[in-house]
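Colleague: Next up is a structure, given as structure tokens.
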Amino acid sequence: MPPSLIERGLTYLPIQLVQPLSGVSLVVPFYHIVSDSTVPHVDHLYRVKSIAEFNEDLVFLLRHFEPVTLHDVIDALNGTQTLRRPCFHLTFDDGFREVHDIVAPILQRAGVPATFFLNTAFLDGGGLAHHNALSLLLERLQSPQDRVSEATLRKVESLLGHGRDDFADLRARILSIRHSQRALVSLLAEILEVDFDRYVRTTRPYLSSSQIATLLAMGFNIGAHSHDHPLYADLPLPEQLEQTRMSVSLLKTRFGVSTKAFAFPYNDNAVERSFFSEVFDEALLEVSFGTSGLVSHFHPRNLQRVSMEKSDPKGKAIPAARILSRQFVRATYFRSGLDNIRRNLLRQPRDPRSPSGLRVGGILEKNKAQLPTNSRLKEMEAWSNIV
């Protein structure tokens with residue numbers, strides 16, 4: 001059942017009131033980029049936080065949580081360390097150069113450890129990720145300086161299929177183009193005269209090898225984020241494993257990265273147990289990360305993270321204080337609060353809970369027969385929409 005108005009109101013409670021009720025000991029926030037400038041290859045994907053907004057988030061996190069390293073998290077999973085105080089480990093995805101130019105100096109001054117997850121295909125100007133290419137197409141379509149002609153728009157529509165006559169619908173259709181449809185993206189780029197290779201050469205959107213070496217020398221961790229950023233749910237198991245092995249192996253051979261950490265590109269939705277069995281049984285990974293917020297996953301070494309790049313209906317960035325307060329209410333709801341009361345009243349079966357010394361959320365399914373139902377997933381998504 002989706003959250004009621006009362007439950008939505010509870011998401012505005014101060015974090016110090018709701019965090020203890022959630023049972024969550026570790027928060028793993030994730031960002032992609034921090035910048036005061038426009039960033040065309042990401043501006044149409046999510047709300048980029050400014051330096052001031054990021055600093056505000058950091059002050060809040062340090063006031064309420066203890067920063068821990070990636071090794072602390074892995075040691076806790078191994079049972080050799082206990083994370084007693086509420087703590088956080090900061091992460092950044094996609095390996096944009098701004099994590100070297102802007103983020104790392106801020107974190108170093110604040111004494112905050114972090115892990116930067118990289119797509120190995122794009123290092124040193126190796127190309128442009130599919131989702132970043134889509135953002136550039138949207139940037140071209142929305143350019144006020146060089147408006148796209150009606151004839152060009154008709155060509156775009158002929159490739160995408162006709163929809164509503166508004167930019168929001170066109171934007172949605174472009175962003176829905178899958179990783180496997182890269183040939184379509186190339187055709188659209190040709191029609192719109194967008195030169196991806198030139199953009200990469202002139203902008204250098206991703207980290208270089210020397211910048212990665214600098215980040216490692218500064219004490220930050222580097223993790224794998226697949227080779228070229230596909231949605232894992234769209235891949236068969238052998239390709240999921242190949243993407244993971246390739247990125248982990250390249251980071252080890254080129255940069256000496258020994259910690260085996262992996263963050264799923266996009267999300268870990270619909271990734272089956274066979275993948276987790278393979279990567280953890282063969283010790284390919286020590287820990288992996290999803291993007292579902294403060295809920296637990298069926299595999300104890302796959303930890304869910306909280307997106308910090310959310311915006312309100314007016315496009316204003318939502319600060320960490322509000323994002324995490326709502327996430328803790330959500331975790332409490334599913335773990336031991338209104339969720340159980342409502343299910344008892346409606347005589348609905350209670351989702352199983354499994355105790356853990358390292359809790360990142362409140363839903364931990366125990367076996368194959370206890371995966372969330374479709375109605376349960378819809379309920380979780382409804383809560384995600386308000387946080």
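The values are calculated or read from the model by the stated rules, or taken from the named source; none is laboratory data. Keep in mind that this is a model prediction, so the values were computed, not measured. A quick note on method: Cβ atoms are made from the backbone with ideal geometry, for glycine too, and the neighbour counts reach across all protein chains shown.
Colleague: Might you check whether a residue that is in the same structural domain as H227 (by TED's automatic domain parsing), over 26 Å from D75 (Cβ atoms) and of a type outside the set (V, I, T) occurs anywhere in the range 271-292?
Modeller: Yes; the residues of the range 271-292 include at least one that is in the same structural domain as H227 (by TED's automatic domain parsing), over 26 Å from D75 (Cβ atoms) and of a type outside the set (V, I, T).
Colleague: Go over the candidates R301, R326, R353 one by one and state the one that is more than 28 Å from P230 (Cα to Cα), crowded, with 17+ Cβ neighbours inside 10 Å, at pLDDT 65 or above and not aliphatic (A, V, I, L, M).
Modeller: R326
Colleague: Same structure, new question: One residue is enough: does the range 253-276 have a residue meeting the conditions within 17 Å of G95 (Cα to Cα), touching a residue at least 24 places away in the same chain (Cβ under 8 Å) and of a type in the set (D, E, K, R)?
Modeller: Yes, the range 253-276 contains at least one residue that is within 17 Å of G95 (Cα to Cα), touching a residue at least 24 places away in the same chain (Cβ under 8 Å) and of a type in the set (D, E, K, R).
Colleague: Continuing with the same structure: Any idea which residue in the range 277-298 is farthest from D93 (Cα to Cα), counting only those that are at pLDDT 95 or above and of a type in the set (F, W, Y)?
Modeller: F280
Colleague: Which of the residues belonging to the range 280-291 are in contact with a Lys or Arg (Cβ under 8 Å, 6 or more places away or on another chain) and in a loop (DSSP other than H, G, I, E, B)?
Modeller: Hits for the range 280-291 are A283, L284, L285, E286, T291.
Colleague: Taking the conditions exactly as written (under 17 Å from L26 (Cβ atoms), under 19 Å from the mean Cα position of the chain (by Cα), outside the structural domain of V28 (by TED's automatic domain parsing) and not small (G, A, S)), does R301 satisfy them or not?
Modeller: Spelling it out, it is not the case that R301 is under 17 Å from L26 (Cβ atoms), under 19 Å from the mean Cα position of the chain (by Cα), outside the structural domain of V28 (by TED's automatic domain parsing) and not small (G, A, S).
Colleague: Something else now. Can you tell which of P67, P86, P40 is surrounded by fewer than 21 Cβ atoms within 10 Å (Cβ to Cβ) and touching a Gly at 6+ places or on another chain (Cβ under 8 Å)?
Modeller: Unique residue meeting the criteria: P67.
Colleague: Exactly one of these conditions fails for V287: (1) more than 24 Å from H32 (Cβ to Cβ); (2) touching a strand residue (DSSP E or B) at 6+ places or on another chain (Cβ under 6 Å). Give me its number.
Modeller: (1)
Colleague: Kindly state which helices (runs of 4 or more DSSP H) lie completely within the range 150-245 and contain at least 1 residues that are more than 30 Å from A110 (Cα to Cα) and of a type in the set (G, A, S).
Modeller: 150-160, 167-175, 182-192
Colleague: Determine which member of the set S288, S258, S247 is within 20 Å of L215 (Cβ to Cβ) and buried (at least 20 other Cβ atoms within 10 Å of the Cβ).
Modeller: Checking each option against the conditions leaves just S247.
Colleague: I would also like to ask the following. Answer yes or no as to whether S180 is free of Cβ contacts under 8 Å to residues at least 12 places away in the same chain and over 13 Å from L136 (Cβ atoms).
Modeller: no
Colleague: Just to verify a result, which residue in the range 122-156, among those that are of a type in the set (S, T, N, Q) and loosely packed, with under 12 Cβ neighbours inside 10 Å, is farthest from L187 (Cα to Cα)?
Modeller: Once the filter is applied, the top-ranked residue is Q145.
Colleague: Output the residue which, of all residues in the range 157-175 that are within 13 Å of L134 (Cβ to Cβ) and touching a helix residue (DSSP H, G or I) at 6+ places or on another chain (Cβ under 9 Å), is surrounded by the fewest Cβ atoms within 10 Å (Cβ to Cβ).
Modeller: Selected residue: L175.
Colleague: Every residue in the range 277-298 that is touching a residue at least 60 places away in the same chain (Cβ under 8 Å) and either over 21 Å from H229 (Cα atoms) or of a type in the set (S, T, N, Q) (or both), please.
Modeller: Once the filter is applied, which keeps residues that are touching a residue at least 60 places away in the same chain (Cβ under 8 Å) and either over 21 Å from H229 (Cα atoms) or of a type in the set (S, T, N, Q) (or both), the range 277-298 yields T291, S292, L294, V295, S296, H297, F298.
Colleague: Do we have any residue at all in the range 63-70 that's part of a helix (DSSP H, G or I) and more than 19 Å from the chain's Cα centre (by Cα)?
Modeller: yes
Colleague: Where residues in the range 98-113 are in a helix (DSSP H, G or I) and in contact with a Phe, Trp or Tyr (Cβ under 8 Å, 6 or more places away or on another chain), which of them is farthest from P67 (Cα to Cα)?
Modeller: V99
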